[in-house]
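Report on one structure; see the data block that follows.
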Amino acid sequence: MTSRSYVAGAALSAIGFALLVVAHYLGLFVAPREAMMGDVGRILYVHVPTAWGALLFYLGAFVAAIGSLWSGRRGWDAATTAMVEVGTVMTFLLLVQGSLWARPTWGTYWTWDPRLTTSAVLAAAFGVVLLLRRLIDQPARRATATAVATIVAFVDVPIVYFSVKWWNSLHQPVSSRQTIDSPMMQPLLIAAVAVLLLGIGLSVLRWRVELARLLAEEAAPDLPDAPAPLDLSGASGAPRG
Amino acid sequence: MTQAVQRRLFLVVALLVAGGALGVIAMGGIGENLVYFWTPAQLHQNSDKAVGATIRLGGVVQAGTVDWQQGDQLLTFTVGEQTVDTATPVVVKAKGAPPQMFREGIGVVVEGTMRKDGVFAADKVMVKHSNEYRAPTEGVDPESLYATVEEL
(Lines give C-alpha, C1' and ligand atoms only; values in the text may rest on other atoms or scores of the structure.)
Protein backbone atom coordinates (compact mmCIF):
# COMPACT_ATOMS: atom_id res chain seq x y z
CA MET A 1 0.00 0.00 0.00
CA THR A 2 1.80 3.06 -1.18
CA SER A 3 0.53 6.58 -1.27
CA ARG A 4 2.12 10.02 -1.30
CA SER A 5 1.86 10.41 2.46
CA TYR A 6 3.49 7.00 2.99
CA VAL A 7 6.39 7.85 0.68
CA ALA A 8 6.79 11.28 2.30
CA GLY A 9 6.70 9.87 5.84
CA ALA A 10 9.15 7.08 5.06
CA ALA A 11 11.51 9.42 3.17
CA LEU A 12 11.54 12.05 5.93
CA SER A 13 12.19 9.37 8.55
CA ALA A 14 15.04 7.91 6.51
CA ILE A 15 16.64 11.32 5.87
CA GLY A 16 16.24 12.21 9.55
CA PHE A 17 17.86 8.96 10.62
CA ALA A 18 20.76 9.41 8.19
CA LEU A 19 21.34 12.97 9.44
CA LEU A 20 21.26 11.69 13.01
CA VAL A 21 24.11 9.30 12.17
CA VAL A 22 26.10 12.18 10.64
CA ALA A 23 25.43 14.43 13.64
CA HIS A 24 26.57 11.81 16.15
CA TYR A 25 29.63 10.92 14.11
CA LEU A 26 30.60 14.61 14.32
CA GLY A 27 29.55 14.81 17.96
CA LEU A 28 31.44 11.72 19.08
CA PHE A 29 34.58 11.83 16.94
CA VAL A 30 35.10 15.33 15.52
CA ALA A 31 33.87 17.86 18.09
CA PRO A 32 36.23 18.55 21.00
CA ARG A 33 35.68 17.34 24.55
CA GLU A 34 33.82 19.77 26.75
CA ALA A 35 36.26 21.71 28.94
CA MET A 36 34.57 20.91 32.27
CA MET A 37 32.70 17.68 31.64
CA GLY A 38 35.06 15.94 29.23
CA ASP A 39 33.52 13.24 27.04
CA VAL A 40 30.33 13.13 29.10
CA GLY A 41 29.47 16.56 27.67
CA ARG A 42 28.77 14.91 24.32
CA ILE A 43 25.32 13.89 25.59
CA LEU A 44 24.49 17.52 24.69
CA TYR A 45 24.03 16.41 21.06
CA VAL A 46 21.45 13.82 22.07
CA HIS A 47 19.65 15.53 24.91
CA VAL A 48 19.08 19.08 23.65
CA PRO A 49 17.62 18.05 20.23
CA THR A 50 15.32 15.59 22.02
CA ALA A 51 14.11 18.37 24.32
CA TRP A 52 13.47 20.77 21.42
CA GLY A 53 11.72 17.97 19.51
CA ALA A 54 9.46 17.00 22.42
CA LEU A 55 8.32 20.59 22.97
CA LEU A 56 7.86 21.23 19.22
CA PHE A 57 5.76 18.10 18.62
CA TYR A 58 3.56 18.97 21.58
CA LEU A 59 3.17 22.42 20.01
CA GLY A 60 2.16 20.68 16.77
CA ALA A 61 -0.34 18.53 18.69
CA PHE A 62 -1.76 21.68 20.33
CA VAL A 63 -2.32 23.31 16.92
CA ALA A 64 -3.87 20.09 15.56
CA ALA A 65 -6.14 19.88 18.62
CA ILE A 66 -7.44 23.39 17.90
CA GLY A 67 -8.01 22.33 14.27
CA SER A 68 -9.83 19.20 15.45
CA LEU A 69 -12.21 21.08 17.75
CA TRP A 70 -12.81 23.82 15.20
CA SER A 71 -13.46 21.63 12.14
CA GLY A 72 -14.45 18.27 13.62
CA ARG A 73 -12.51 16.54 10.85
CA ARG A 74 -10.95 13.19 11.63
CA GLY A 75 -7.70 14.15 9.86
CA TRP A 76 -6.97 16.71 12.61
CA ASP A 77 -7.95 14.18 15.27
CA ALA A 78 -5.49 11.65 13.82
CA ALA A 79 -2.79 14.34 13.58
CA THR A 80 -3.29 15.32 17.23
CA THR A 81 -2.80 11.73 18.37
CA ALA A 82 0.17 11.14 16.08
CA MET A 83 2.05 14.18 17.42
CA VAL A 84 1.13 13.55 21.06
CA GLU A 85 2.59 10.07 20.66
CA VAL A 86 5.81 11.28 19.01
CA GLY A 87 6.18 14.01 21.67
CA THR A 88 5.61 11.53 24.47
CA VAL A 89 8.19 9.07 23.15
CA MET A 90 10.67 11.97 23.00
CA THR A 91 9.77 13.11 26.52
CA PHE A 92 10.42 9.65 27.96
CA LEU A 93 13.74 9.49 26.07
CA LEU A 94 14.50 12.97 27.41
CA LEU A 95 13.99 11.89 31.03
CA VAL A 96 16.21 8.82 30.58
CA GLN A 97 18.99 10.74 28.77
CA GLY A 98 18.85 13.51 31.34
CA SER A 99 19.21 11.04 34.23
CA LEU A 100 22.19 9.37 32.58
CA TRP A 101 23.80 12.78 32.08
CA ALA A 102 22.96 13.98 35.58
CA ARG A 103 24.65 11.09 37.40
CA PRO A 104 28.25 11.83 36.29
CA THR A 105 27.89 15.63 36.20
CA TRP A 106 25.53 16.61 39.03
CA GLY A 107 26.19 13.50 41.09
CA THR A 108 22.60 12.21 41.15
CA TYR A 109 20.20 10.50 38.74
CA TRP A 110 17.25 12.58 39.85
CA THR A 111 16.37 15.61 41.94
CA TRP A 112 13.07 17.48 42.22
CA ASP A 113 14.44 20.56 40.51
CA PRO A 114 11.81 22.74 38.70
CA ARG A 115 12.97 21.73 35.20
CA LEU A 116 12.99 18.03 36.05
CA THR A 117 9.71 18.16 37.95
CA THR A 118 7.84 20.02 35.20
CA SER A 119 9.28 17.62 32.58
CA ALA A 120 8.05 14.61 34.56
CA VAL A 121 4.64 16.29 34.78
CA LEU A 122 4.75 16.72 30.98
CA ALA A 123 5.25 12.98 30.41
CA ALA A 124 2.49 12.16 32.89
CA ALA A 125 0.02 14.71 31.47
CA PHE A 126 0.34 13.53 27.89
CA GLY A 127 0.37 9.91 29.07
CA VAL A 128 -3.08 10.65 30.50
CA VAL A 129 -4.17 12.16 27.15
CA LEU A 130 -3.26 8.89 25.39
CA LEU A 131 -4.91 6.79 28.10
CA LEU A 132 -8.10 8.88 27.90
CA ARG A 133 -8.20 8.34 24.15
CA ARG A 134 -8.04 4.57 24.59
CA LEU A 135 -10.93 4.61 27.05
CA ILE A 136 -13.53 6.31 24.83
CA ASP A 137 -15.28 4.30 22.11
CA GLN A 138 -17.59 6.86 20.57
CA PRO A 139 -15.56 8.59 17.76
CA ALA A 140 -16.88 12.18 18.02
CA ARG A 141 -16.69 12.20 21.79
CA ARG A 142 -13.21 10.65 21.68
CA ALA A 143 -11.98 13.33 19.27
CA THR A 144 -13.33 16.13 21.48
CA ALA A 145 -11.86 14.63 24.66
CA THR A 146 -8.46 14.07 23.03
CA ALA A 147 -8.32 17.66 21.76
CA VAL A 148 -9.46 19.29 25.03
CA ALA A 149 -7.03 17.17 27.08
CA THR A 150 -4.19 18.02 24.65
CA ILE A 151 -4.87 21.77 24.97
CA VAL A 152 -4.91 21.57 28.77
CA ALA A 153 -1.78 19.37 28.97
CA PHE A 154 0.01 21.79 26.64
CA VAL A 155 0.02 24.42 29.42
CA ASP A 156 3.05 22.59 30.84
CA VAL A 157 5.11 23.06 27.66
CA PRO A 158 5.90 26.79 28.16
CA ILE A 159 6.31 26.09 31.89
CA VAL A 160 9.01 23.50 31.14
CA TYR A 161 10.74 25.95 28.81
CA PHE A 162 10.69 28.88 31.24
CA SER A 163 11.19 26.82 34.43
CA VAL A 164 14.93 27.51 34.49
CA LYS A 165 14.21 31.23 34.15
CA TRP A 166 11.38 31.53 36.68
CA TRP A 167 12.81 29.43 39.51
CA ASN A 168 16.10 28.44 41.12
CA SER A 169 17.18 25.20 39.52
CA LEU A 170 20.04 22.73 39.32
CA HIS A 171 19.45 22.30 35.60
CA GLN A 172 21.39 24.77 33.48
CA PRO A 173 19.54 27.67 31.84
CA VAL A 174 18.79 27.77 28.11
CA SER A 175 21.96 27.65 25.98
CA SER A 176 22.60 29.89 23.00
CA ARG A 177 25.21 30.58 20.35
CA GLN A 178 27.06 32.70 22.88
CA THR A 179 27.38 29.88 25.39
CA ILE A 180 28.27 27.04 23.01
CA ASP A 181 31.59 27.08 21.15
CA SER A 182 31.19 26.87 17.35
CA PRO A 183 32.78 23.40 16.84
CA MET A 184 30.10 22.06 19.19
CA MET A 185 27.30 24.06 17.61
CA GLN A 186 27.55 22.23 14.25
CA PRO A 187 26.72 18.67 15.47
CA LEU A 188 24.06 20.12 17.77
CA LEU A 189 22.23 21.90 14.95
CA ILE A 190 22.50 18.92 12.57
CA ALA A 191 21.14 16.63 15.29
CA ALA A 192 18.28 19.08 15.92
CA VAL A 193 17.28 19.10 12.24
CA ALA A 194 17.63 15.29 12.18
CA VAL A 195 15.32 14.80 15.17
CA LEU A 196 12.84 17.23 13.66
CA LEU A 197 12.74 15.40 10.29
CA LEU A 198 12.60 11.98 11.95
CA GLY A 199 9.76 13.17 14.18
CA ILE A 200 7.81 14.65 11.24
CA GLY A 201 8.32 11.44 9.25
CA LEU A 202 7.12 9.25 12.13
CA SER A 203 4.17 11.60 12.74
CA VAL A 204 3.09 11.34 9.10
CA LEU A 205 3.33 7.52 9.20
CA ARG A 206 1.43 7.37 12.48
CA TRP A 207 -1.17 9.80 11.14
CA ARG A 208 -1.87 7.49 8.19
CA VAL A 209 -2.34 4.49 10.45
CA GLU A 210 -4.67 6.38 12.79
CA LEU A 211 -6.69 7.80 9.91
CA ALA A 212 -7.07 4.33 8.37
CA ARG A 213 -8.15 2.99 11.76
CA LEU A 214 -10.78 5.74 12.17
CA LEU A 215 -12.15 5.11 8.66
CA ALA A 216 -12.28 1.35 9.24
CA GLU A 217 -14.07 1.93 12.53
CA GLU A 218 -16.75 3.97 10.78
CA ALA A 219 -17.15 1.48 7.95
CA ALA A 220 -17.42 -1.54 10.24
CA PRO A 221 -20.85 -2.54 11.60
CA ASP A 222 -21.35 -1.93 15.31
CA LEU A 223 -20.10 -4.76 17.43
CA PRO A 224 -22.53 -6.19 19.95
CA ASP A 225 -21.88 -5.01 23.51
CA ALA A 226 -20.92 -8.48 24.69
CA PRO A 227 -20.16 -11.63 22.73
CA ALA A 228 -23.18 -13.93 22.47
CA PRO A 229 -22.85 -16.86 24.83
CA LEU A 230 -21.79 -20.05 23.13
CA ASP A 231 -24.56 -22.52 22.72
CA LEU A 232 -23.05 -25.90 23.40
CA SER A 233 -26.28 -27.79 23.80
CA GLY A 234 -26.36 -30.69 21.50
CA ALA A 235 -23.16 -29.65 19.74
CA SER A 236 -21.18 -32.61 20.96
CA GLY A 237 -24.09 -34.83 21.73
CA ALA A 238 -22.92 -35.10 25.35
CA PRO A 239 -25.60 -35.70 27.93
CA ARG A 240 -26.50 -32.62 29.98
CA GLY A 241 -27.24 -32.20 33.64
CA MET B 1 -26.94 23.01 20.23
CA THR B 2 -25.39 21.46 17.16
CA GLN B 3 -22.27 19.35 17.48
CA ALA B 4 -20.13 21.98 15.76
CA VAL B 5 -21.22 24.73 18.17
CA GLN B 6 -20.59 22.44 21.13
CA ARG B 7 -17.12 21.55 19.87
CA ARG B 8 -16.18 25.20 19.36
CA LEU B 9 -17.50 26.03 22.81
CA PHE B 10 -15.20 23.31 24.18
CA LEU B 11 -12.35 24.89 22.23
CA VAL B 12 -12.95 28.33 23.75
CA VAL B 13 -13.27 26.94 27.29
CA ALA B 14 -10.15 24.76 26.92
CA LEU B 15 -8.10 27.71 25.64
CA LEU B 16 -9.37 29.94 28.46
CA VAL B 17 -8.54 27.34 31.11
CA ALA B 18 -5.09 26.73 29.59
CA GLY B 19 -4.33 30.44 29.21
CA GLY B 20 -5.59 31.23 32.70
CA ALA B 21 -3.50 28.49 34.31
CA LEU B 22 -0.39 29.60 32.45
CA GLY B 23 -1.03 33.23 33.38
CA VAL B 24 -1.37 32.45 37.09
CA ILE B 25 1.88 30.45 37.08
CA ALA B 26 3.78 32.99 34.98
CA MET B 27 2.67 35.91 37.15
CA GLY B 28 4.26 34.22 40.14
CA GLY B 29 1.13 32.68 41.63
CA ILE B 30 2.96 29.51 42.61
CA GLY B 31 6.44 30.98 42.31
CA GLU B 32 6.93 31.48 46.03
CA ASN B 33 5.75 28.00 46.84
CA LEU B 34 8.11 26.39 44.39
CA VAL B 35 11.53 26.85 45.91
CA TYR B 36 14.16 24.32 44.92
CA PHE B 37 16.99 25.82 46.94
CA TRP B 38 17.77 28.78 49.13
CA THR B 39 20.72 31.05 48.45
CA PRO B 40 22.97 31.76 51.48
CA ALA B 41 21.14 35.10 51.98
CA GLN B 42 17.72 33.40 51.92
CA LEU B 43 19.03 30.75 54.30
CA HIS B 44 20.09 33.43 56.79
CA GLN B 45 16.68 35.14 56.48
CA ASN B 46 14.95 31.83 57.23
CA SER B 47 17.44 30.62 59.84
CA ASP B 48 14.63 29.82 62.29
CA LYS B 49 13.07 27.37 59.82
CA ALA B 50 16.36 25.92 58.56
CA VAL B 51 17.46 24.04 61.68
CA GLY B 52 16.34 20.42 61.68
CA ALA B 53 14.31 20.64 58.46
CA THR B 54 15.51 19.06 55.22
CA ILE B 55 16.43 21.94 52.95
CA ARG B 56 18.63 22.72 49.96
CA LEU B 57 21.25 25.41 49.75
CA GLY B 58 22.62 26.64 46.43
CA GLY B 59 25.62 28.83 45.71
CA VAL B 60 29.26 28.88 44.70
CA VAL B 61 32.11 26.94 46.36
CA GLN B 62 34.38 29.67 47.75
CA ALA B 63 38.05 29.64 46.73
CA GLY B 64 40.48 28.25 49.28
CA THR B 65 37.81 26.71 51.52
CA VAL B 66 37.76 23.09 50.31
CA ASP B 67 39.10 20.57 52.80
CA TRP B 68 38.94 16.83 52.16
CA GLN B 69 39.80 14.40 54.97
CA GLN B 70 40.55 11.16 53.15
CA GLY B 71 40.55 9.05 56.35
CA ASP B 72 37.16 10.24 57.66
CA GLN B 73 35.75 10.78 54.14
CA LEU B 74 34.74 14.22 55.40
CA LEU B 75 34.39 17.13 52.99
CA THR B 76 34.23 20.71 54.26
CA PHE B 77 33.74 23.79 52.11
CA THR B 78 32.07 27.18 52.16
CA VAL B 79 29.15 28.15 49.92
CA GLY B 80 28.82 31.81 48.97
CA GLU B 81 26.38 33.87 46.98
CA GLN B 82 26.27 33.35 43.21
CA THR B 83 26.59 37.02 42.27
CA VAL B 84 27.54 39.32 45.14
CA ASP B 85 29.52 38.16 48.15
CA THR B 86 27.63 40.35 50.59
CA ALA B 87 25.80 37.59 52.43
CA THR B 88 27.78 35.59 54.94
CA PRO B 89 28.88 32.36 53.31
CA VAL B 90 27.72 29.09 54.85
CA VAL B 91 30.10 26.36 56.00
CA VAL B 92 29.05 22.94 54.67
CA LYS B 93 30.16 19.55 55.94
CA ALA B 94 29.44 16.43 53.90
CA LYS B 95 30.28 12.74 54.18
CA GLY B 96 31.79 11.00 51.19
CA ALA B 97 33.47 12.09 47.99
CA PRO B 98 31.60 14.70 45.93
CA PRO B 99 30.87 14.38 42.18
CA GLN B 100 33.91 14.55 39.94
CA MET B 101 33.23 18.08 38.70
CA PHE B 102 33.29 19.50 42.23
CA ARG B 103 35.91 22.22 42.58
CA GLU B 104 36.46 25.73 43.83
CA GLY B 105 34.37 28.35 42.06
CA ILE B 106 31.74 25.91 40.79
CA GLY B 107 28.00 26.11 41.50
CA VAL B 108 26.65 23.53 43.94
CA VAL B 109 23.32 22.56 45.47
CA VAL B 110 23.59 20.74 48.80
CA GLU B 111 20.75 18.85 50.48
CA GLY B 112 20.66 18.42 54.23
CA THR B 113 19.91 20.48 57.28
CA MET B 114 21.26 23.39 59.28
CA ARG B 115 22.89 22.45 62.57
CA LYS B 116 22.44 24.62 65.67
CA ASP B 117 26.09 25.70 65.44
CA GLY B 118 25.46 27.28 62.03
CA VAL B 119 27.12 24.52 59.98
CA PHE B 120 25.15 22.97 57.14
CA ALA B 121 25.22 19.17 57.42
CA ALA B 122 24.81 17.89 53.85
CA ASP B 123 23.58 14.40 52.93
CA LYS B 124 23.96 15.06 49.25
CA VAL B 125 26.27 17.35 47.28
CA MET B 126 25.19 18.13 43.70
CA VAL B 127 27.29 20.05 41.22
CA LYS B 128 25.69 22.59 38.94
CA HIS B 129 26.85 22.88 35.35
CA SER B 130 26.43 26.20 33.61
CA ASN B 131 24.90 26.56 30.13
CA GLU B 132 28.40 27.07 28.71
CA TYR B 133 29.96 24.41 26.52
CA ARG B 134 33.57 25.21 25.72
CA ALA B 135 36.35 23.47 23.87
CA PRO B 136 39.31 22.82 26.20
CA THR B 137 41.95 25.57 26.28
CA GLU B 138 45.07 24.78 24.24
CA GLY B 139 47.80 23.14 26.26
CA VAL B 140 45.56 21.89 29.07
CA ASP B 141 46.16 18.25 29.88
CA PRO B 142 42.84 16.52 29.15
CA GLU B 143 43.38 14.14 32.04
CA SER B 144 43.33 17.08 34.43
CA LEU B 145 39.62 17.36 33.60
CA TYR B 146 39.10 14.17 35.52
CA ALA B 147 40.90 15.29 38.67
CA THR B 148 39.09 13.93 41.70
CA VAL B 149 38.80 15.50 45.11
CA GLU B 150 41.80 13.51 46.34
CA GLU B 151 44.00 15.54 44.01
CA LEU B 152 42.67 18.96 44.90
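The values are calculated or read from the model by the stated rules, or taken from the named source; none is laboratory data. Owing to the predicted nature of the structure, the values given are computational and were not obtained by experimental measurement. All Cβ positions, glycine included, derive from the backbone under ideal geometry; neighbour counts span all protein chains shown. To get the accessible areas, we keep the full protein, side chains included, count just its heavy atoms, and leave off ligands, DNA and RNA. Shrake-Rupley method; radii C 1.70, N 1.55, O 1.52, S 1.80 Å.
Values computed for the structure shown
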| quantity | calculated |
| --- | --- |
| Single residue of A:67, A:87, A:107, A:53 found to be over 10 Å from the mean Cα position of the chain (by Cα) and over 30 Å from residue B:96 (Cα atoms) | A:67 |
| Looking only at segment A:157-188, and only at residues there that are more than 7 Å from chain B (Cβ to nearest Cβ) and in contact with a Ser or Thr (Cβ under 7 Å, 6 or more places away or on another chain), the one that is farthest from residue B:126 (Cα to Cα) | A:160 |
| Test for residue A:84: is it in a helix (DSSP H, G or I) and more than 12 Å from every other protein chain (Cβ to nearest Cβ) | yes |
| Odd one out for residue A:64, checked against (1) open to solvent by 40 Å² or more (accessible area, probe 1.4 Å); (2) in contact with an Asp or Glu (Cβ under 9 Å, 6 or more places away or on another chain) | (1) |
| Single unsatisfied condition, residue A:101 versus (1) at the interface with chain B (Cβ under 10 Å from one of its Cβ atoms); (2) within 16 Å of residue A:204 (Cα to Cα); (3) not β-branched (Val, Ile, Thr) | (2) |
| Filter pass, residue B:76 being modelled with pLDDT under 90 and of a type in the set (Val, Ile, Thr) | no |
| Members of segment A:16-32 found to be farther than 24 Å from residue B:136 by Cβ and surrounded by 19 or more Cβ atoms within 10 Å (Cβ to Cβ), listed by number | A:16, A:19, A:20 |
| Residue list for segment A:132-147, filter: over 17 Å from residue A:60 (Cβ atoms), facing chain B (nearest Cβ under 8 Å) and crowded, with 17+ Cβ neighbours inside 10 Å | A:144 |
| Every residue from segment A:39-61 that is among the aliphatic types (A, V, I, L, M) and open to solvent by 20 Å² or more (accessible area, probe 1.4 Å) | A:40, A:43, A:46, A:48, A:51, A:55, A:56, A:59 |
| Tally of residues being surrounded by 20 or more Cβ atoms within 10 Å (Cβ to Cβ) and closer than 10 Å to residue A:95 by Cα across segment A:107-116 | 1 |
| Members of segment A:148-174 that are in contact with a strand residue (DSSP E or B) (Cβ under 7 Å, 6 or more places away or on another chain) and either open to solvent by 20 Å² or more (accessible area, probe 1.4 Å) or free of Cβ contacts under 8 Å to residues at least 60 places away in the same chain (or both) | A:168 |
| Number of the condition not met by residue A:126 [criteria: (1) crowded, with 22+ Cβ neighbours inside 10 Å; (2) in contact with an Asp or Glu (Cβ under 9 Å, 6 or more places away or on another chain); (3) facing chain B (nearest Cβ under 9 Å)] | (3) |
| Count - residues of segment B:82-111 that are modelled with pLDDT of 95 or more, open to solvent by less than 20 Å² (accessible area, probe 1.4 Å) and away from chain A (no Cβ under 12 Å) | 1 |
